[in-house]
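Step one of this worksheet: look at the structure below.
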Amino acid sequence: MLNLGAINASILTLVTFLPAIGALVLAVFPRKVIAERWFALGISLVNFIFSLHLLRSDIPTQLSTATVFQFEIDIPWITSPNIHYHLGVDGISVWLVILTTFLVPLSILVSWHSVSHRVKEFYVLILLLETAMIGVFLALDMFLFYVFWEATLIPMALLIGIWGHERRIYASVKFFLYTAIASVFMLGAIIWLYSHFHTFDFATIKQALQTNPSEISWMASFWLFLGFFIAFAVKVPLWPLHTWLPDAHVEAPTAGSVLLAGVLLKMGTYGLLRFNVGLFPDQARFNGPWIMTLAIVGVIYGALVAMVQPNLKKLIAYSSVSHLGFVVLGIFSLTTFGMDGAVFQMLNHGVSTGALFMLAGMLYERRHTYEIKNYGGLATPMPLYATFFLVITLSSIGLPLLNGFVGEFLILAGAFQAKALWGALAATGVIWSACYMLWMYQRVFYGAVTDDHNAHLPDIDARERLALWPTVIAALIMGLAPWWWLARIDSGVLKLLPTLKTITQVIGR
Amino acid sequence: MTTNLHLWLIPLLPLAGAALNGLLGRGLSKRAVAIIGVGFPGAAFAWALVVASRFVALPFERIPYTEYILPWIAAGSFQANIAFYLDQLSLVMLLVVTGVGLLIHVYSVGYMEHEGGYYRFFAYLNLFMFFMLMLILADNYLLMFVGWEGVGLASYLLIGFFFLKQSAANAGKKAFIVNRVGDFGFLLGMFLLIRHFDSLNFADVFKAVSHYPVETAGAGLLTAISLLLMVGATGKSAQLPLYVWLPDAMEGPTPVSALIHAATMVTAGIYMIARSNPLFSRSPIALTVVAVIGCLTAIFAATIGMTQTDIKRVLAYSTISQLGYMFMACGVAAYSAGIFHLMTHAFFKALLFLCAGSVIHALSGEQDMRRMGGLRKQIPWTFWTMTAGTFAIAGFPPLAGFFSKDEILWKAWSTTALRSVAGPALNYTLWTLALLTAGLTSFYMFRLWFLTFFGEFRGGSADAHGHGDAHASHSPHESPGIMLGPLVLLAILSVFGGWAGVPHALGGSNRFDQFLAPVIQSSSEAMSAGQRAGEPQPEAAEEHAERNAELALTAASVGVAAIGFGFAWLFYFKRRDLPARVTAVLGGIYDTVRDKYYVDELYHALFVRPIVGISNFFWRDIDVGVIDATVNGAAHASQDVSDSLRRMQSGNIRSYAGWIATGAALVIVYMIWLGAR
C-alpha cells in the first residue's frame, strides 16, 4: 500500500518512465498477445491521470522561501563526471508535462486506422517519445536534460521517415540534422558550465550565477547565452531558422505533426525561458531587442506566408511560426504579462495547433490530399467536422473566451510595456491570423461542393469525435478560467526571474 | 439590506438557449426550436425589467452597481474579472437590446420558417444576445472586449448563414477582418491603459483619470488612449474609413440585419465611447476627431443611400449615416444625445429592416426596388408600420427620430467642448453638414417609400430571384401575425419613443438627459473646469436668446425634412421621368456615388493586392528562394565534403550523427581545456 509520501517521492519518475516501460513491454511481447493500439492508449491514458497528481503541488506565493521545484528527486547517477538523476516540477513545467500527457493519447487515437504497417513499432516509438519529452521538461540536471533532449530526436525522425508521406526521407533528415547540429551549441555551453562549476545541477548553477554575477565574465556569459539560444531557437523555430518545420509537418504522419507542433516546439521555448532567461537574465535583457525583433518578424512573416499556402498542413505549419513568434516575444519582454502569456500561449498552441493537425489528418484519411483547392463546400457533407474545425479556428485566431486570446493578450500587453512599438507591431498579428485562417476556412468549407469526390465524404465518426472533444473542451475551459493556469504559471515565472515586480497572488476581489 | 440584481442571469439565459439549440436543435421540431430560441431571450428581457425596477429603487451610493462573478485573467498585479457593472447607461442599453432583440426573435420565428438550418439560426441569434449583453454589462474593458469580439463572431456566422453562396461567405469574412482592424486599435488602447493605470476596470480607470486635467494644450496620454479606442469604435460602428463591411453584411437574413447590423451590435462603438466619456471629455482633440469622422460619415453614407436600388442596401447606408450622427453627438460631448439617438434609431431602424423583410417576404425574395411598387394595397400592415418608421427617421415631429436628431444638431451648434481645438466655425460646419444629411435622409427614405408602396407594381411575375431569402408563394402577400406583431410594437415605439427626451425649448424636461446625467457628470465637471480656462459660461440672461436659437434650428431641421419629402414626392411619385434625366445630367458624378465612390475597389488595390503580393514574395522568393536554399546549400556542400573525404555513401542519418559526435567531442575537449586553464 503506497502512502501519499511515497507517491510524491516517485511520481515524477513514474510519469516520466511509465511510457518507456510500456514501450518495452510492447516491444518484447509477440504481436498477437497485445493489441498494440489499445495497450498504447491505455498506458498513455494512465500516464495522463498520473500526471494530474502533479497539480497537487503547492502554489508558492512570492513571500514563501520554499524551493521552486516540487516533487523533487535527486540521486547521484554517475559520480565522475558528477551527473545526477534530478527531476523536479514548477509552475511552468507542470503544465507542459500535462500538455504532453494530454496530447499523446489523442495522437494515438488519430493514428488508429491511418497507421497500418509496422503498427507495433509505431506505438513503441510514440511511447518512447513521450518519455523523452516529459524528461526534457522535468530534468534539473543539465546533462540529463541534454540526454532527454537528444532522445526526442530519434523517435520523431523515425516517425517522419517511416510513416510519412512522399518526401519523408528528405524531411526526416532535414529535421534531424537541423536540430541536432543546433543542439551541439547547447552541449558546448553545458560542458563549459560544468568545467566551471563542476556540477550539472541547474539550481546550483543558477544560484551561483545569481549570488555572484561576476563569477563568469560578461563575454563568457554572452557566448553561453548564445549557445543555448541557437539550440532552442532552431527548435522553436524562430525566424529565419524555421524552414525545417513546414517540410517536417507536411511529410509527418498526423501523430507526428501533433506531437511535433504540440510538444517538441515547446521544448525550444521552454529552454529559452528556463536556461536563457533563468540563468542569464542580464544577457536576456541585453539581447532582448534583436531577439524580439526576430520574433516580430516571425509573427508577421509567418502569418503572411501562411496566407498564401496552397497546402493545408503548410498553412498550419507557417501559422505555428507566427504563434511561436508570439511566445518568444512574450518571453523576452521580461515582464510578468509577457512571460505568463508566453507560457499560457505554449499550452494554447499545443491544444489548438495539435487539434488543427488532427483535423487536417482526418481530411487526409478521406481524400489523400492536403491541397486546399481540392476541397470546398465541406460544410454540407461534413457539418460536424466543420463545426469542430470552426471552434479550433476561432481558438487559433484568439477569439475571447477561448484559450488563444488570453495568451496573445498577455504577451502583447507585456511587449507593449517593454516597448510600445513592439506591442503595436506584433498586435497586427490579430489581423493577419483572422485573414489566413478565415480565408482557408472559407475555401475548405463554404460555397457549394465543387468536386464530386467531396460530395459524399463521411462526417467524423465516434473515435474521431473522441479525439477532438478534449481539445475543444480544453480550449473553452482555458479561455473561461485562465486564472486557474495563470496562478501557477505566475509563481513559476516569478521564481524564474525574481527581479520582476512583486505580484499579488490573491485571486478574487 | 442589500439588493441583489443577479445580473449574471441576463447574459446566461440567451447563452443557455444557444447551447440547447446548438447542441440538440438538430433533433428538435421547429416549434421546439422556436420556443427555446425565443423563450430564453424573452426570459432575459423579463429579468431585465425586474432589474430596471429594482435599479431605480437603489440608493444613490450603490450606483454603479457591480456584481462579481468569477476571477478571469490575472498576471502579476493585474487582474480582470468576470464581473458586471450596471449604471444608468448600461440599463438603457440593456432594455433596448433585450427588448428590441426579443421582438426580432419573435419576428424571425415567422420569417425563417421556410429556411434550412432553423435551429442553427436561433442558436447563433441567441449567442449574439449573450455576447451583446456581456459587452453592455462588463465591468472592465477586457470583458467588454469579450462581448465586442463575440458579437463580431455572431455577426460573422449570421452574415454567412447562407454559406452556400460565396458572396455571403465573403461578406462574413470581410466583416470579421475589417472589425479586427478596429480591434487592433481597441487592443492598443487597452495596453496603454494597463501601462499607465495597471487596470482595465471602469471604476479604477475613471477614478485615476479624474485627477487628470483636460488636455487643452495638446495631445497627451488620454488623447492617445481615446483615439485608439475610437479606432475600435469606427470598426464596430461602421464609420469612415472602416464602414465597408456593413453594406456587404446585408447578405445575412433580414432579421439579422435588423438586430445586429442596425439596432444593436453596430451601436457598440457609440456605447463604448459614451462609457469612456471620462477619457474622451478630457481630450478635446479626440472629441474633435470623433465629431468630424461622425459628421463626414453621416453625409457620405447618405449620398450613397440616395442612389442604391436594393432596399436593404439603402437601409444599410442609412444605418451608417445615422451611426455617424451618434458618433458626432459623442464628439461634441453630447453623450446622452448620442445614446438617445441610439435608442430611437434602434426602434425605427429595426422597424424599417423588419418591414423591408416583410416586403421581401411578400415578393418571394425580391430586394430590388425597381421591381416593386404599389404594394400598399397588398400589404397594408407592412405599409402603415413602415410609414411610421419612415416619418420617424426623416425627423418629422413628434416622432422619435425628430427629438433625438434635433438634440444632436443643437448640441453640434452650441457645444463649447471643442473650443481649445477649433473655433465656432467648426460648430457651424458640423451643424450645416448634419442638417444637409437630415435633408438627404428624408429624401432617400421617402424615395424608398414611394418606390415600394406607390405607383404600379413593376415586378411582373414574382419568380424566385435566387436570393437566399427565397420564399415559396408567388403573388404579393401580407406576412403572418407573428411577424406583424413586432412591427406594430416597434411602430408604436418609433412614434412615441422620443417623448422620453423632449427638450426644454419645446416645453419638455429632457428626462432622458437627466437620467443619464450621473454617468456623464464626472466628465462634465472636467469639461466645465476646462471651460473656465477658456470661455465664460452663458449668463442666465442669455438663456432666453439661447432658447430662441434652439427653436430656430428646430424649425430648420423640420424644414429640410419637408424639403426632402417634397423632392422624393416629385421624383418618385409625381414626375417619374425626372430621376433618369437628372442622372443623365449628372453622368459620371452619379455613377461614382452609385458605385459607392469606388472605395471597395480602392481598398482592394491599396491593401488586398499588395498584401497578397508581398506574401507570395516572402514565400517563394525569401522563404524558398533564400532561406531554405541557403540551408540546403550548406547541407549539400557539407555532404559533398564528407563524400569526398570518406568516399562512401552511408545512410544519411548515421553519417551525420557521426559528424555531430565528432563535433561534440571537439567542443568537449575545447571546453575542458578552457575549464582546466
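Restricted to segment A:243-284, and to residues there that are over 24 Å from A:Q210 (Cβ atoms) and part of a loop (DSSP other than H, G, I, E, B), the residue that is modelled with the lowest pLDDT is A:T243. Taking segment B:150-192 as the range and being in a helix (DSSP H, G or I), among the hydrophobic types (A, V, I, L, M, F, W, C) and more than 23 Å from the chain's Cα centre (by Cα) as the test, only B:L192 passes. The selection criterion, being within 30 Å of A:T335 (Cβ to Cβ), assigned to a loop (DSSP other than H, G, I, E, B) and of a type outside the set (A, V, I, L, M), does not hold for A:P381. Within segment B:599-624, the set of residues being touching a helix residue (DSSP H, G or I) at 6+ places or on another chain (Cβ under 7 Å) and open to solvent by 60 Å² or more (accessible area, probe 1.4 Å) comprises just one member, B:I614.
Taking segment B:32-78 as the range and being touching a residue at least 12 places away in the same chain (Cβ under 8 Å), open to solvent by less than 40 Å² (accessible area, probe 1.4 Å) and within 14 Å of chain A (Cβ to nearest Cβ) as the test, the residues that pass are B:E67, B:W72, B:I73, B:F78.
If the requirement is being free of Cβ contacts under 8 Å to residues at least 24 places away in the same chain, surrounded by 21 or more Cβ atoms within 10 Å (Cβ to Cβ) and not β-branched (V, I, T), which of these qualifies: A:A467, A:A420, A:A427?
Numbers: A:A467 fails: free of Cβ contacts under 8 Å to residues at least 24 places away in the same chain; A:A420 fails: surrounded by 21 or more Cβ atoms within 10 Å (Cβ to Cβ).
Within the list A:A467, A:A420, A:A427, the selection yields A:A427.
Can you spot a residue in segment A:88-111 that is in a strand (DSSP E or B) and in contact (Cβ under 8 Å) with a residue 24 or more places away in the chain? Among the residues of segment A:88-111, at least one is in a strand (DSSP E or B) and in contact (Cβ under 8 Å) with a residue 24 or more places away in the chain, which makes the answer yes. If I filter segment B:264-279 for residues that are at pLDDT below 95 and out of contact with any Ser or Thr (no Cβ under 9 Å at 6 or more places or on another chain), do I get at least one hit? Within segment B:264-279, one or more residues are at pLDDT below 95 and out of contact with any Ser or Thr (no Cβ under 9 Å at 6 or more places or on another chain). Going by what's in this entry, would B:P59 be described as touching a strand residue (DSSP E or B) at 6+ places or on another chain (Cβ under 8 Å) and modelled with pLDDT under 90? No; evaluated as a whole, the condition is false for this residue.
Are any of the residues in segment B:131-138 open to solvent by 10 Å² or more (accessible area, probe 1.4 Å) and either assigned by TED's automatic domain parsing to the domain that holds B:Q514 or under 23 Å from the mean Cα position of the chain (by Cα) (or both)?
Scanning segment B:131-138 turns up at least one residue that is open to solvent by 10 Å² or more (accessible area, probe 1.4 Å) and either assigned by TED's automatic domain parsing to the domain that holds B:Q514 or under 23 Å from the mean Cα position of the chain (by Cα) (or both).
Taken residue by residue, segment A:225-243 has at least one member that is open to solvent by less than 10 Å² (accessible area, probe 1.4 Å) and farther than 30 Å from A:G161 by Cα. Just give me the residues in segment B:171-191 being within 8 Å of chain A (Cβ to nearest Cβ) and hydrophobic (A, V, I, L, M, F, W, C), in sequence order. Of everything in segment B:171-191, those that are within 8 Å of chain A (Cβ to nearest Cβ) and hydrophobic (A, V, I, L, M, F, W, C) turn out to be B:F176, B:I177, B:V181, B:F184, B:L187, B:L188, B:M190, B:F191. In segment A:187-198, the residues that are closer than 15 Å to A:E215 by Cβ and in a helix (DSSP H, G or I) form Cβ pairs under 6 Å with partners that are open to solvent by 40 Å² or more (accessible area, probe 1.4 Å) and of a type outside the set (K, R), at six or more places apart or across chains, as follows: A:S195/B:I672.
Of all residues in segment A:391-417, exactly one satisfies the criterion of being touching a Ser or Thr at 6+ places or on another chain (Cβ under 8 Å) and surrounded by fewer than 24 Cβ atoms within 10 Å (Cβ to Cβ), namely A:Q417.
Return the only residue of B:A568, B:A561, B:A555, B:A517 being modelled with pLDDT of 90 or more, surrounded by fewer than 14 Cβ atoms within 10 Å (Cβ to Cβ) and not assigned by TED's automatic domain parsing to the domain that holds B:L89. Break it down stepwise before answering.
Values: B:A568 fails: surrounded by fewer than 14 Cβ atoms within 10 Å (Cβ to Cβ); B:A561 fails: surrounded by fewer than 14 Cβ atoms within 10 Å (Cβ to Cβ); B:A517 fails: modelled with pLDDT of 90 or more.
Step by step, each of B:A568, B:A561, B:A555, B:A517 is checked, and only B:A555 is modelled with pLDDT of 90 or more, surrounded by fewer than 14 Cβ atoms within 10 Å (Cβ to Cβ) and not assigned by TED's automatic domain parsing to the domain that holds B:L89.
Checked against (1) open to solvent by less than 20 Å² (accessible area, probe 1.4 Å); (2) at the interface with chain B (Cβ under 8 Å from one of its Cβ atoms); (3) touching a residue at least 12 places away in the same chain (Cβ under 8 Å), A:A448 passes all but a single condition, namely (1). When you check B:G305 against the structure, is it out of contact with any Gly (no Cβ under 9 Å at 6 or more places or on another chain) and open to solvent by less than 10 Å² (accessible area, probe 1.4 Å), yes or no? Criteria met by B:G305.
Any residue at all in segment A:319-327 that is in a helix (DSSP H, G or I) and touching a strand residue (DSSP E or B) at 6+ places or on another chain (Cβ under 7 Å)? The answer is no, given that none of the residues of segment A:319-327 is in a helix (DSSP H, G or I) and touching a strand residue (DSSP E or B) at 6+ places or on another chain (Cβ under 7 Å).
Could we say that A:S172 is open to solvent by less than 10 Å² (accessible area, probe 1.4 Å) and within 12 Å of chain B (Cβ to nearest Cβ) here? Let's see the steps before the verdict.
Values: open to solvent by less than 10 Å² (accessible area, probe 1.4 Å): yes; within 12 Å of chain B (Cβ to nearest Cβ): yes.
In short, yes.
Do we find that A:E371 is in contact with a strand residue (DSSP E or B) (Cβ under 7 Å, 6 or more places away or on another chain) and away from chain B (no Cβ under 14 Å) in this structure? So A:E371 passes the test. Being outside the structural domain of B:G17 (by TED's automatic domain parsing) and buried (at least 24 other Cβ atoms within 10 Å of the Cβ) holds for only one residue in B:F128, B:F176, B:F121, and it is B:F176. Among the residues of segment A:374-421, those that are at the interface with chain B (Cβ under 8 Å from one of its Cβ atoms) and of a type in the set (A, V, I, L, M) comprise A:A379, A:L394, A:L399, A:L401, A:V406, A:L410, A:L412, A:A413, A:A420.
Could you grab me the full set of residues in segment A:157-169 that are touching a residue at least 60 places away in the same chain (Cβ under 8 Å) and within 12 Å of chain B (Cβ to nearest Cβ)? Give the derivation first.
Let us first name the residues in segment A:157-169 that are touching a residue at least 60 places away in the same chain (Cβ under 8 Å), namely A:159-160, A:163-168.
Matches in segment A:157-169: A:I160 only.
Within the set B:F145, B:F206, B:F202, B:F162, the sole residue that is within 11 Å of chain A (Cβ to nearest Cβ) and closer than 28 Å to A:A481 by Cβ turns out to be B:F145.
The values are calculated or read from the model by the stated rules, or taken from the named source; none is laboratory data. Keep in mind that what you see is a predicted model, and the values were worked out from it rather than measured. All Cβ positions, even for glycine, are placed from backbone atoms using ideal geometry, and neighbour counts span all protein chains on display. For accessibility, only protein heavy atoms count, side chains too; no ligands or nucleic acids. Shrake-Rupley method; radii C 1.70, N 1.55, O 1.52, S 1.80 Å.
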